[in-house]
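Structure first, commentary second.
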Amino acid sequence: MKINSLTVKEVFHSLVTLEEGLTEDEAKRRLKEFGYNEIEEVKKKPLTFRFLGQFTHFLAVLLWIAALLSFLSEYLHPGEGMLTLGFAITAVIFINAIFTFVQEYRAEKALEEMKRLLPFYVKVIREGKEREIYAKEVVPGDVILLSEGDKVSADTRLIESNDIKVNNAPLTGESEPVTRVIEPFTGELINSSNIAFAGTTVVSGSGKGVVFATGMRTEFGRIAHLTGTVTSGLSPLQKEIIKITRVIAAIATVMGVIFFATGHFIGRTFWENFLFAVGIIVANVPEGLLPTVTLSLAMGSQRMAKRMALIKTLTSVETLGSVSVICTDKTGTLTQNKMAVKRIAYIGEGIKTEGQGPSLLTVALLCNNTKEVEGNLKGEPTEVALSRAALESIGHVESRRIKEFPFDSDRKRMSTINSINGSIYVMTKGAPENIFTICSHCLRDGEILYFDEALRDKSVSLYHSMMDEGLRVLAFAYREVKSGEDIKSKEDVERDMVFLGLVGLEDPPRPEVPEAIKKCREAGIKIIMITGDGSRTALAIAREIGLVKGNPSIVEGSDFLRMSDDELRMVLSKEEVIFSRMTPKHKLRVVNILKEEGERVAVTGDGVNDAPALKRADIGIAMGIAGTDVAKEAADMILLDDNFATIVNAIEEGRAVYENIRKFISYIFSSNIPEIVPYLTYVLLRIPLPLTIMQILAVDLGTDMFPALALGAEKPSPAVMKIPPRSPRERLLNPPLLTRAYLFLGPIEAAAGLFGYFYVLNKGSWQWGEMLTSNNILYLQATTACLTAIIVTQIANVFACRSFKESVFRLGIFTNRLIFAGIAFEILLQLFIVYHPFGNKIFSTHPISVEIWLILIPFALLLFSAEELRKLMVRKTEKRVNAQGLL
């Protein structure tokens with residue numbers, strides 16, 4: 001028989017399990033028999049094919065053409081050195097392919113490692129005790145507990161339901177929540193109302209069920225086998241880098257053709273012009289740019305993970321840096337989520353007399369889903385605090401729960417029906433304004449009185465005074481159920497209740513939050529609090545943490561619903577905004593309006609209803625501790641400590657990553673000028689070629705690579721959080737960056753290279769117009785001096801590129817030790833190229849004297865000093881402009 005057609009008792013018999021769950025030994029045996037509860041991914045593209053793909057992209061094809069032409073020219077016109085060039089270009093293709101493949105593989109593995117930091121847990125009952133296990137360890141026969149926000153881990157036959165509703169969209173495409181029951185169903189399994197399928201989510205309510213299928217045996221496993229084929233794709237930044245590389249390659253090709261024609265016009269031979277054209281292309285193309293960017297993003301995401309922010313995709317790293325608005329919850333994010341009952345308030349004394357029904361603390365204890373597990377109270381922090389206060393005051397109360405109407409964000413209350421000493425009571429807790437509306441009577445000085453206008457006003461005043469203390473306030477009520485009364489729906493039971501009193505809970509702010517808010521203000525980031533608490537509580541906490549200083553715009557949930565979009569825009573344009581008594585689903589409207597206004601929005605959330613806003617936001621941020629599975633799945637980033645300060649730290653890292661990418665682009669592009677200028681002088685001045693293609697490759701794929709990676713690991717500078725968020729329209733390669741690299745730093749390096757080249761030639765009595773053979777020692781030493789000059793000035797340049805405005809001395813010379821490791825590698829490689837016979841043979845170099853090194857050092861000092869002077873002038877100009885702006 002099908003599992004859905006069985007009664008609850010028959011389900012236990014069929015799956016050979018008990019209501020107390022499996023024993024640990026039996027669970028282990030079944031895990032061996034059925035395997036892990038995992039959906040097998042479709043195999044990814046084999047590593048071999050992914051590696052081969054590195055040889056067929058645009059840049060690689062361009063270089064293949066150059067290599068083939070080199071081999072062809074060697075065949076048609078031997079003895080011109082084209083064979084060596086062909087092999088060199090082929091080596092470049094292989095080196096670039098290996099480097100890119102390794103970096104992308106490392107980045108992918110880094111993301112996989114970080115995803116493992118957040119395992120998926122499931123609550124099960126084994127040997128009569130509730131415990132949490134990894135979802136992959138669930139086996140058929142396990143009794144699992146489901147509650148709002150949970151992702152169902154395996155196909156489950158429900159045996160207990162408290163108004164549980166699930167969203168079957170991942171399985172059926174239907175987005176409307178459907179109610180689950182426990183009664184047998186005789187139709188098809190997929191249509192069963194008593195089954196919670198793997199991959200679906202619990203939207204509301206709670207329940208208990210027995211697992212009957214796991215892993216690939218689930219319905220989800222059968223029809224969703226293609227899940228693993230989904231790929232994340234490239235981020236906008238990576239696409240921009242590819243576009244930049246292609247544009248530069250195209251420009252380089254056009255330049256090569258133009259100068260080939262120019263050389264032909266002034267009388268150069270075909271092979272000289274061909275060599276020149278290939279040199280121009282190789283000198284311009286930033287071969288290692290894309291893999292360096294990919295690795296920088298991966299390193300940034302790893303640094304964020306160390307600071308308790310788990311980034312799910314590399315795209316999010318760059319987006320974080322441009323966030324301009326943070327919409328944040330209050331409880332658990334701005335506060336510690338360590339609830340404690342601070343104050344219990346009644347109308348009058350609240351004295352109870354025998355036979356009048358449950359007391360406020362009894363309702364607080366019984367209208368509550370906190371459980372005692374191995375001597376510890378487990379549950380939602382507010383409920384745990386209420387339960388602890390009640391147990392300390394009145395101890396355990398014998399009762400039997402008959403039914404539960406779970407809390408939902410529209411009613412803002414929770415009700416249970418309990419039997420106590422033969423009497424049945426409805427017990428309710430929730431937001432005071434929502435409890436007051438369902439109460440017809442109240443308790444005052446031991447008497448149950450009609451809840452008239454005067455008593456309502458007194459209750460509201462009491463409520464407001466508690467909120468002004470920054471307390472989270474809940475109201476409590478009850479009524480006795482009459483014999484034969486219909487108690488099926490919440491509308492039937494939540495009426496004519498007796499208001500008992502109020503409880504104020506204190507949730508202290510996180511100590512790191514005020515400093516984080518100050519950082520946001522300095523960084524031009526606006527913070528909007530969106531909370532379910534009352535406006536007075538929200539305002540008191542906001543003032544305490546420094547979120548508001550003046551008179552903020554406070555919008556209550558009821559007012560929000562009546563607002564037009566234009567009115568909401570007006571509110572959101574104000575400097576300080578608080579939304580109170582809001583439901584999670586209303587966040588989406590706030591996010592939409594902010595995005596329409598051109599803001600980059602980060603939104604926090606932890607519940608099922610937060611998911612649409614989390615997905616719509618530029619950065620959706622889920623809580624790692626208090627967050628539901630649904631919220632975590634919808635989010636781009638997960639806070640492993642649920643702390644607002646962590647969001648600010650992540651934004652700081654995001655900004656730093658973007659800045660670091662621009663730093664190493666500036667560094668790499670600066671060396672393009674001293675690589676291009678020698679070829680221009682070669683054609684236009686008719687001198688021996690000052691720099692060979694192999695030597696260019698030594699810079700681009702050798703000496704430059706590790707210092708560039710070190711710049712990608714630069715820590716956030718103090719200034720990074722003192723500037724406004726960058727515009728989404730701002731390009732990575734902007735005019736100031738190109739001007740700095742090509743027209744300021746690059747020419748200094750080019751001058752150093754040509755000075756070294758001509759210095760050696762003149763010492764060797766070279767005469768202008770004299771053409772030297774490629775194996776002439778004087779020529780080899782001169783090109784070696786030109787290459788060395790570029791290396792020496794690039795050492796100064798790596799320090800210069802550590803910031804665009806701040807002095808290196810202010811940053812601290814030794815604060816990035818990776819730079820020194822990169823420089824050490826750069827120097828050792830250059831020493832090998834200059835002084836080792838094998839290096840001499842590969843790169844056509846010859847040993848030079850120490851004197852040559854010494855005369856090149858002043859150029860490095862010149863470059864460093866000139867850049868420090870430029871930064872000083874920029875800072876002074878900005879300071880003067882800011883001072884004028886304040887006048």
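In the set 365, 386, 449, 443, only one residue is without any contact (Cβ under 8 Å) to a residue 12 or more places away in the chain and of a type in the set (A, V, I, L, M); that residue is 449.
Output the residue which, of all residues in the range 390-404 that are out of contact with any helix residue (DSSP H, G or I) (no Cβ under 6 Å at 6 or more places or on another chain) and not in a helix (DSSP H, G or I), is surrounded by the most Cβ atoms within 10 Å (Cβ to Cβ). In this case the residue turns out to be 404.
Looking at this structure, is residue 498 on the phi < 0 side of the Ramachandran plot and either in the same structural domain as residue 447 (by TED's automatic domain parsing) or open to solvent by 60 Å² or more (accessible area, probe 1.4 Å) (or both)?
Criteria met by residue 498.
Close Cβ contacts (under 7 Å, 6 or more residues apart or on different chains) running from residues in the range 139-152 that are among the acidic types (Asp, Glu) to residues that are modelled with pLDDT of 90 or more and in a strand (DSSP E or B) comprise 142/22; 142/124; 142/211.
The helices (runs of 4 or more DSSP H) located wholly in the range 804-867 that include 3 or more residues which are within 30 Å of residue 779 (Cβ to Cβ) occupy 817-835, 837-843.
Among the residues of the range 595-626, those that are hydrophobic (A, V, I, L, M, F, W, C) and in a strand (DSSP E or B) comprise 601, 602, 603, 619, 621, 622, 623. Here residue 580 fulfils each of the conditions (1) small (Gly, Ala, Ser); (2) over 17 Å from the mean Cα position of the chain (by Cα); (3) open to solvent by 10 Å² or more (accessible area, probe 1.4 Å) apart from (3). The residue that is modelled with the highest pLDDT, among those in the range 620-631 that are out of contact with any Pro (no Cβ under 9 Å at 6 or more places or on another chain) and surrounded by fewer than 24 Cβ atoms within 10 Å (Cβ to Cβ), is 624. Among the residues making up the range 676-705, a single one is under 44 Å from the mean Cα position of the chain (by Cα), more than 12 Å from residue 843 (Cβ to Cβ) and open to solvent by less than 10 Å² (accessible area, probe 1.4 Å): 704.
Out of 790, 819, one residue alone is modelled with pLDDT under 95 and open to solvent by less than 10 Å² (accessible area, probe 1.4 Å). It is 819. Sub-6 Å Cβ pairs linking a first residue in the range 256-275 that is without any contact (Cβ under 8 Å) to a residue 12 or more places away in the chain to a second residue that is open to solvent by less than 50 Å² (accessible area, probe 1.4 Å), at least 6 apart or interchain, are 264/273, ordered by first then second residue. For the residues 736, 718, the requirement of being at pLDDT 85 or above and outside the structural domain of residue 325 (by TED's automatic domain parsing) singles out 736. Can you find a residue that is open to solvent by 50 Å² or more (accessible area, probe 1.4 Å) and either β-branched (Val, Ile, Thr) or more than 29 Å from the chain's Cα centre (by Cα) (or both) anywhere in the range 517-535? No, because not a single residue in the range 517-535 is open to solvent by 50 Å² or more (accessible area, probe 1.4 Å) and either β-branched (Val, Ile, Thr) or more than 29 Å from the chain's Cα centre (by Cα) (or both). Scanning the range 811-859 for residues that are without any contact (Cβ under 8 Å) to a residue 24 or more places away in the chain and charged (D, E, K, R) returns 817, 841, 851.
Output the residues belonging to the range 759-787 that are open to solvent by 40 Å² or more (accessible area, probe 1.4 Å) and not small (Gly, Ala, Ser). Once the filter is applied, which keeps residues that are open to solvent by 40 Å² or more (accessible area, probe 1.4 Å) and not small (Gly, Ala, Ser), the range 759-787 yields 759, 762, 763, 767, 768, 770, 771, 773, 775, 776, 777, 781.
Of the listed requirements (1) surrounded by fewer than 14 Cβ atoms within 10 Å (Cβ to Cβ); (2) closer than 25 Å to residue 857 by Cβ, residue 731 misses just one: (2). Just one of the listed residues (812, 756) is more than 18 Å from residue 697 (Cα to Cα), crowded, with 24+ Cβ neighbours inside 10 Å and within 49 Å of the chain's Cα centre (by Cα), namely 756.
Report whether or not residue 530 is within 29 Å of residue 573 (Cβ to Cβ), touching a helix residue (DSSP H, G or I) at 6+ places or on another chain (Cβ under 7 Å) and among the β-branched types (Val, Ile, Thr).
The answer is yes for residue 530.
Whenever a residue of the range 716-739 is under 24 Å from residue 812 (Cα atoms), its partners that are of a type in the set (Ser, Thr, Tyr) and not in a loop (DSSP other than H, G, I, E, B), lying with C-beta atoms within less than 7 angstrom and at least six residues away or across chains, give the pairs 737/666.
Exactly one residue out of 673, 661, 647, 651 is over 29 Å from the mean Cα position of the chain (by Cα), part of a helix (DSSP H, G or I) and of a type outside the set (S, T, N, Q): that is 673.
Within the range 125-156, the residues that satisfy the criterion of being over 32 Å from the mean Cα position of the chain (by Cα), assigned to a strand (DSSP E or B) and buried (at least 22 other Cβ atoms within 10 Å of the Cβ) are 143, 156.
The values are calculated or read from the model by the stated rules, or taken from the named source; none is laboratory data. Computed from a predicted structure; not experimentally measured. A quick note on method: Cβ atoms are made from the backbone with ideal geometry, for glycine too, and the neighbour counts reach across all protein chains shown. Each accessible area value is taken on the protein alone, full model and side chains, heavy atoms only, with ligands, DNA and RNA left out. Shrake-Rupley method; radii C 1.70, N 1.55, O 1.52, S 1.80 Å.
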